[in-house]
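To start, the structure under review is shown below, and the notes come after it.
The values are calculated or read from the model by the stated rules, or taken from the named source; none is laboratory data. None of the values given here were measured: they were computed from a predicted structure. Note that each Cβ is placed from the backbone with ideal geometry, even for glycine, and that neighbours are counted across all protein chains shown. When the accessible area is computed, the model is the full protein with side chains, heavy atoms only, and any ligands, DNA or RNA have been set aside. Shrake-Rupley method; radii C 1.70, N 1.55, O 1.52, S 1.80 Å.
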Amino acid sequence: MSRPLVARIDSAALAHNLAVARRAAPKAKILAVIKANGYGHGLARVARAFLAADAFAVLSIDEAAQLRGAGYTHPIVLLEGFFQPDELPEIARLRLRPVIHRQDQAEILAKTRLEHKVDVCLKVDTGMHRLGLAPKRLADALTVLRAAPHVGGITLMTHFARADDDPDSVAAQLALFREATAGLELPFSLANSAALLRHPETHGDWVRPGIMLYGASPFAQQSGADLGLLPAMTLQSQLIASQFVRKGEGVGYGAAYVAERDMKVGVVACGYADGYPRHAGTGTPILVDGRETRTLGRVSMDMLFADLSGVPAAHVGSPVTLWGEGLPAERVAAAAGTIAYELFTALAPRVRIEET
Ligand SMILES: *Cc1c(COP(=O)(O)O)cnc(C)c1O
């Protein structure tokens, strides 16, 4: 028998979550964000499940070429644009939409001869201070792009820094965006999952959901289930050993957990080399035989420990859920001081994937 660790990807859940996004933003088109290998769920798999999306967003030409190779004709946005001028012919050939976020990119694009027109997203920085032109520089970039023979449609874009936790910050960024783009009759795209769900005033022409499509909540105080989302990735394994540990004895590396009483401890086939967060200390929730219990001690490379005190019938072979159905990834992430985005995208290539 092979190692029991498996990530089950639920295509119906992915499609359901896209429909939730559609209902929440009925007037906008959906740019499904499938960067980072579809947030760890598999690029080809999520593209198939999100066929009903209006466009896809990825980072690299390689990812986009895979999608084109598989026959998708959706617009494909490159969220970080192009890195080198010599990428532009391929971008044109594959009919990709780079995000232009610096003036020099606009200028390079404008002077490159290309076989087709390239549609672009022009990104303005309204307060996140990551990518985008300063609002007062937008007009210059637009002048360059509009005069360029090979530039087609232009979509304006910005990104929110605090759509998950600060309505005032969203309002300020939105106001700055409106001021910077006043009078420009161009389509625009602002909203990530958090803004899509909580700030309908930001929907515009294109919404850009990512995390919600995978069933996790972008908000600390609300679960995916609260938002009507279904978890798309369930990481499952089994107990491969169990140990009786006497009160006062240590468990695992560094004896980071010391038994508070005589107890039974389960050994789970899943470790940090599988993408399980090593920072998840004692007390991280885990399901054994469908019952919630807690992890104990340090996560090893290939294994971790579960407290079997409340699961007396558990035995070698008992099913274990690390996260997913029955145990939101957000809760495991919070216990490890991170977010579900990181758990999903850190899933290691060695983890077998089964699609349901
Ligand atoms: C990743 C990303 C998104 C999606 O964000 P979520 O929080 O996952 O919904 C949207 N827009 C941009 C520019 C991104 O980089």
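In table form, for the structure just shown:
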quantity	calculated
Single residue of Glu115, Glu107 found to be modelled with pLDDT under 95 and either within 16 Å of the ligand (Cβ to nearest atom) or acidic (Asp, Glu) (or both)	Glu115
Residue within region 68-89 that is among the aliphatic types (A, V, I, L, M), touching a His at 6+ places or on another chain (Cβ under 8 Å) and at pLDDT 95 or above present	no
Residue list for region 264-281, filter: open to solvent by 10 Å² or more (accessible area, probe 1.4 Å) and farther than 18 Å from Ala336 by Cα	Lys264, Val267
Search result, residues across region 174-207 that are out of contact with any Asp or Glu (no Cβ under 6 Å at 6 or more places or on another chain), within 13 Å of the ligand (Cβ to nearest atom), closer than 11 Å to Ala163 by Cβ and open to solvent by less than 30 Å² (accessible area, probe 1.4 Å)	Leu190, Ala191, Ser193, Ala195, Leu196, His199, Thr202
Close pairs from region 159-186: first touching a residue at least 40 places away in the same chain (Cβ under 8 Å), partner surrounded by 16 or more Cβ atoms within 10 Å (Cβ to Cβ) and basic (Lys, Arg), Cβ under 7 Å, at least 6 apart	Ala163/Arg198; Ser169/Arg162
Any hit, region 217-229, residues being of a type in the set (Phe, Trp, Tyr), within 16 Å of the ligand (Cβ to nearest atom), in contact with a helix residue (DSSP H, G or I) (Cβ under 9 Å, 6 or more places away or on another chain) and under 30 Å from Val120 (Cβ atoms)	no
Selection within region 211-228 - outside any helix (DSSP H, G or I), surrounded by fewer than 23 Cβ atoms within 10 Å (Cβ to Cβ) and out of contact with any Pro (no Cβ under 8 Å at 6 or more places or on another chain)	Phe219, Ala220, Gln221, Gln222, Gly228
Flag for Asp104 being assigned to a strand (DSSP E or B) and open to solvent by 50 Å² or more (accessible area, probe 1.4 Å)	no
Residue in region 1-24 that is farthest from Ser237 (Cα to Cα), counting only those that are modelled with pLDDT of 95 or more and more than 19 Å from the chain's Cα centre (by Cα)	Arg23
Qualifying residue in region 122-138 (condition: modelled with pLDDT of 95 or more and under 24 Å from Thr73 (Cα atoms))	yes
Entirely in region 1-67, the strands (runs of 3 or more DSSP E) that have 3 or more residues that are in contact with a Ser or Thr (Cβ under 9 Å, 6 or more places away or on another chain), more than 16 Å from the ligand (Cβ to nearest atom) and open to solvent by less than 40 Å² (accessible area, probe 1.4 Å)	6-9
Subset of region 107-136 that is part of a helix (DSSP H, G or I) and of a type in the set (Lys, Arg) - its residue that is nearest to Thr155 (Cα to Cα)	Lys136
Among the residues listed as Val151, Val170, Val124, the single one being within 21 Å of Leu31 (Cα to Cα) and more than 16 Å from the ligand (Cβ to nearest atom)	Val151
